[in-house]
Amino acid sequence: MKAFHAIVTAILVLFFAIMMIFRLVDGSFESAGARMDRMMGAAATEASAAANEVVEATDAAVEDIAADIANERDEN
């Protein structure tokens, strides 16, 4: 349970530190929040694209293995 609390605390401290940096750069929490939203949206888009690539690669590998198994059965 202590590890969980440590992780949550670290995430919150990191979020607060990033927000303060953005606040100092942008001049307000409103623009800092908007900037954080844009960054999180971009990260989500990139993660989604990477997940789709993994799904496609996995699907291709499964199809190849299934074809190999079917060919081996046909040969025997």
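The values are calculated or read from the model by the stated rules, or taken from the named source; none is laboratory data. All of these numbers come straight from a predicted model, not from anything done at the bench. A quick note on method: Cβ atoms are made from the backbone with ideal geometry, for glycine too, and the neighbour counts reach across all protein chains shown.
Just one of the listed residues (T45, T9, T58) is modelled with pLDDT of 90 or more, under 20 Å from the mean Cα position of the chain (by Cα), among the hydroxyl-bearing types (S, T, Y) and in a helix (DSSP H, G or I), and it is T58.
The set of residues in the range 32-76 that are out of contact with any Asp or Glu (no Cβ under 8 Å at 6 or more places or on another chain), within 30 Å of F15 (Cα to Cα) and among the basic types (K, R) contains only R38. Being at pLDDT below 90 and under 30 Å from F22 (Cβ atoms) holds for only one residue in R73, R38, and it is R38.
For the range 41-59, what are the residues that are within 24 Å of M19 (Cα to Cα) and of a type outside the set (V, I, T)? Passing the criteria: G41, A42, A43, A44, E46, A47.
The residues in the range 4-35 that are among the acidic types (D, E) and either loosely packed, with under 10 Cβ neighbours inside 10 Å or in contact with a Pro (Cβ under 7 Å, 6 or more places away or on another chain) (or both) can be counted, and the count is 0. Of all residue pairs spaced 6 or more apart or on separate chains, those with beta-carbon atoms under 6 Å, a first member in the range 7-19 that is closer than 15 Å to M40 by Cβ and a second member that is surrounded by 10 or more Cβ atoms within 10 Å (Cβ to Cβ) are M19/A32. For the range 54-73, the set of residues classified as of a type in the set (D, E) and either surrounded by 10 or more Cβ atoms within 10 Å (Cβ to Cβ) or touching a Gly at 6+ places or on another chain (Cβ under 9 Å) (or both) consists of E56, D59, E63, D64, D68, listed by residue number.
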